[in-house]
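Reading through the structure tokens given below for one structure.
Every number in this text was worked out from the coordinates using simple rules, so none of it is lab data. Computed from a predicted model, the values in this text were never measured in an experiment. When we count neighbours, we look across all protein chains shown, and the Cβ atoms used for this are built from the backbone with ideal geometry, even at glycine.
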Amino acid sequence: MPHLLEGRLRLQYPNDVIGIHFDQLIAQQEKLSHCMKSVDFVLQTRDRLIFVEVKDFDAAPTGHVSQAIRDFRQARFDQDLVYKFRDTFLYYWANGLICGPTGISVDYFVLVTGLSSIDLLAATDRLRKKLPLSISGAQRQLANRCLVLHPRDWNHHFPNMPVTI
């Protein structure tokens with residue numbers, strides 16, 4: 001089964017899914033402006049783009065784990081996560097891969113280790129409030145789903161694309 005790696009996290013996906021380590025590809029090809037950000041992975045199925053960002057706080061250097069978790073709880077990562085979604089979305093839209101009212105749908109998932117379920121729910125709520133997932137009067141949503149979740153929860157939602165650490 002093909003897979004993508006980000007630090008300790010390994011995401012496997014079926015052969016009929018296209019998996020791209022997007023931030024590495026973009027960095028190598030210098031495709032985004034210096035002021036733009038990108039998600040770690042993009043998975044493309046027949047009718048969906050899945051943007052995946054990874055925050056593995058359990059792998060942070062000793063002494064930095066508690067600070068990274070504190071920063072995440074205090075919403076210091078939120079704007080960065082918004083930019084990663086927005087800029088990746090713009091890249092795909094500008095390249096004609098997200099078009100029209102019936103175009104491919106987009107989901108955004110942030111995989112996080114080291115936080116409680118309550119922290120993940122709070123982060124999901126904050127992120128949904130800061131992202132323009134839908135625009136009043138628009139023909140379609142920018143994203144169908146936006147979730148901040150632990151890899152085990154990802155595995156529950158996507159058993160055919162398991163994540164291991």
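Rounded to whole Å and ordered largest first, report the semi-axes of the equivalent ellipsoid of the chain derived from its Cα gyration tensor (root of 5λ).
24, 19, 16
Using only Cα atoms, find the angle between the long axis of helix 78-94 and the longest principal axis of the chain, and express it within 0 to 90 degrees, rounded to the nearest 10.
Between helix and principal axis, roughly 20 degrees.
With a cap of 16 neighbouring Cβ atoms within 10 Å, and only residues DSSP puts in a loop, list the trypsin sites (Lys or Arg not before Pro) found in region 78-137.
none
Could you put 164, 45 in order, starting from the residue whose Cβ has the fewest other Cβ atoms within 10 Å?
164, 45
Using the number of other C-beta atoms within 10 angstrom as an exposure proxy, rank 104, 135, 69 with the fewest first.
Arranged by neighbour count, lowest to highest, 104, 135, 69 become 135, 104, 69.
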